[in-house]
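Read through the structure below, which is laid out as structure tokens, and then see the notes.
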Amino acid sequence: MLVLQSIILGIPQGALYGLMGFGIALIFRSVGTMNFAHGNAGMVCVFVAFSVFTATGSIILSILCGIIVGFLLGVIIDKALMGPIKHLSHAGMLMITLGLLMIFEGAAQLIWGTDYQQFPELLRGEPLIMRLGENKLIMPLNDLLITAVAVAVSIIIALYLKYAKLGIATRARAQDPIGAKVVGIDTNMVDSLVWGIGISISVLVGILIAPKTYIHPGMMGNMQIYGFTAGVLGGFESLFGAIAGGLILGILEKLVGAYISPDYQLSIVLIIIIIMLAVKPSGLFGKKSSGRV
């Protein structure tokens, strides 16, 4: 019974890890660099959402504002910082994201301080209780909403990438940037769009996790590590492999917490990264790398 309860509690957490990994993988596949500021970019926009909520009392308006600001921030990062060097140095792009990681954290501390702020749960009420004989399985309503939102966003983005013109252009740019230009695709516009969507996903993850972690400058640090791990586990070359990797990771994390100790959860995550990179660098669902670093 403890196994089933751990799985039920691990699915919502894993859905968030997968969604975080999805956003990181989306940027990596398109522009070829890891965004180490992914979590902190989302964190700053969560603070913006919190400020809007404090001023208006509207959760919906605050979420919309946070996601829109996240999209605009992603576009600005691409246009102002990545654009001038994207054709020159992927290492330079990587260093910029490392710099942004520290800048965003410092800016959040300067503007909002270091106090922990409470963000309300999006769905409140009695948890769902499933009875199996004399035993009970419990699913909090907010966790159920988190899972539904993560699945819905994944499906929407999947449909966008498969059928929308800009989605097809995004896939073409990721597969063959030169070929995409030859057929008339504006790869610079696609890159800005990808950065915007990627950061918006990070903001959404931050808002969904905020009621549990509270809002503070370091709130997305572990979430980014778990997002990277989900990508490594599922395969960065497969967007939905990152989501599957996140689900596996979330369930495994809860099982480790239940049967070993919560103190070892992060250590287990780092061990998984090392083992997966050594045994199958492409991940469980990824294809062999074509050589891009």
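The values are calculated or read from the model by the stated rules, or taken from the named source; none is laboratory data. Everything numeric here is computed off the predicted structure, so don't read it as measured data. In this analysis, Cβ positions are derived from the backbone assuming ideal geometry, glycine residues included, and neighbour counts consider all displayed protein chains.
PRO217 satisfies every condition listed in (1) touching an Asp or Glu at 6+ places or on another chain (Cβ under 8 Å); (2) assigned to a helix (DSSP H, G or I) except (2).
Would region 32-47 turn up any residue that is more than 21 Å from the chain's Cα centre (by Cα), crowded, with 19+ Cβ neighbours inside 10 Å and closer than 30 Å to ILE138 by Cβ? Within region 32-47 (the criterion being more than 21 Å from the chain's Cα centre (by Cα), crowded, with 19+ Cβ neighbours inside 10 Å and closer than 30 Å to ILE138 by Cβ), the answer is no, since none of the residues qualifies.
Residues in region 107-165 that are free of Cβ contacts under 8 Å to residues at least 12 places away in the same chain and either part of a strand (DSSP E or B) or closer than 15 Å to ILE201 by Cα (or both): 9 in all.
In region 4-30, what residues are of a type in the set (Val, Ile, Thr) and crowded, with 24+ Cβ neighbours inside 10 Å? Give the derivation first.
Let us first name the residues in region 4-30 that are of a type in the set (Val, Ile, Thr), namely 7-8, 11, 24, 27.
Within region 4-30, ILE24, ILE27 meet the criteria.
Could you grab me the full set of residues in region 69-98 that are surrounded by 12 or more Cβ atoms within 10 Å (Cβ to Cβ) and free of Cβ contacts under 8 Å to residues at least 12 places away in the same chain?
Step one: list which residues in region 69-98 are surrounded by 12 or more Cβ atoms within 10 Å (Cβ to Cβ), which gives 69-79, 81-83, 85-86, 89-90, 92-98.
Result: ILE76, ILE85, SER89, GLY92, MET95.
Within region 1-25, residues that are on the phi < 0 side of the Ramachandran plot sit with their Cβ atoms under 7 Å from residues that are crowded, with 22+ Cβ neighbours inside 10 Å and not in a helix (DSSP H, G or I), at 6+ positions apart or across chains, in these pairs: ILE24/ASN35; ALA25/PHE236.
Out of all the residues in region 181-189, is one or more outside any helix (DSSP H, G or I), over 13 Å from the mean Cα position of the chain (by Cα) and β-branched (Val, Ile, Thr)? Checked against the condition, which is being outside any helix (DSSP H, G or I), over 13 Å from the mean Cα position of the chain (by Cα) and β-branched (Val, Ile, Thr), region 181-189 yields at least one hit. Are any residues in region 168-187 of a type in the set (A, V, I, L, M) and either surrounded by 14 or more Cβ atoms within 10 Å (Cβ to Cβ) or touching a residue at least 40 places away in the same chain (Cβ under 8 Å) (or both), and if so, which ones? The answer is ILE168, ALA169, ALA172, ALA174, ALA180, ILE185. Can you confirm whether region 151-164 contains a residue that is over 19 Å from LEU73 (Cα atoms) and in contact with a strand residue (DSSP E or B) (Cβ under 7 Å, 6 or more places away or on another chain)? No, there is no match, as no residue in region 151-164 is over 19 Å from LEU73 (Cα atoms) and in contact with a strand residue (DSSP E or B) (Cβ under 7 Å, 6 or more places away or on another chain).
Considering each of ILE225, ILE243, ILE215 in turn, give the residue that is of a type outside the set (Phe, Trp, Tyr) and in contact with a strand residue (DSSP E or B) (Cβ under 7 Å, 6 or more places away or on another chain). Step through it out loud before you land on a result.
On the way: ILE225 fails: in contact with a strand residue (DSSP E or B) (Cβ under 7 Å, 6 or more places away or on another chain); ILE243 fails: in contact with a strand residue (DSSP E or B) (Cβ under 7 Å, 6 or more places away or on another chain).
It is ILE215.
Annotation note: Cβ proximity below 8 Å between a residue of region 44-68 that is over 15 Å from GLY206 (Cα atoms) and a residue that is part of a helix (DSSP H, G or I) and of a type in the set (Val, Ile, Thr) (sequence gap 6+ or interchain) occurs for SER58/VAL52; LEU61/VAL52. Determine which single condition LEU233 fails, assuming it passes every other condition in (1) more than 19 Å from VAL153 (Cβ to Cβ); (2) surrounded by fewer than 23 Cβ atoms within 10 Å (Cβ to Cβ); (3) hydrophobic (A, V, I, L, M, F, W, C); (4) touching a Leu at 6+ places or on another chain (Cβ under 9 Å). Here LEU233 clears every test but (2).
Being out of contact with any Gly (no Cβ under 7 Å at 6 or more places or on another chain) and surrounded by 14 or more Cβ atoms within 10 Å (Cβ to Cβ) is the requirement here; does THR54 meet it?
In short, no.
The single condition from (1) modelled with pLDDT under 90; (2) surrounded by 21 or more Cβ atoms within 10 Å (Cβ to Cβ); (3) of a type outside the set (Lys, Arg) that MET1 fails is (2).
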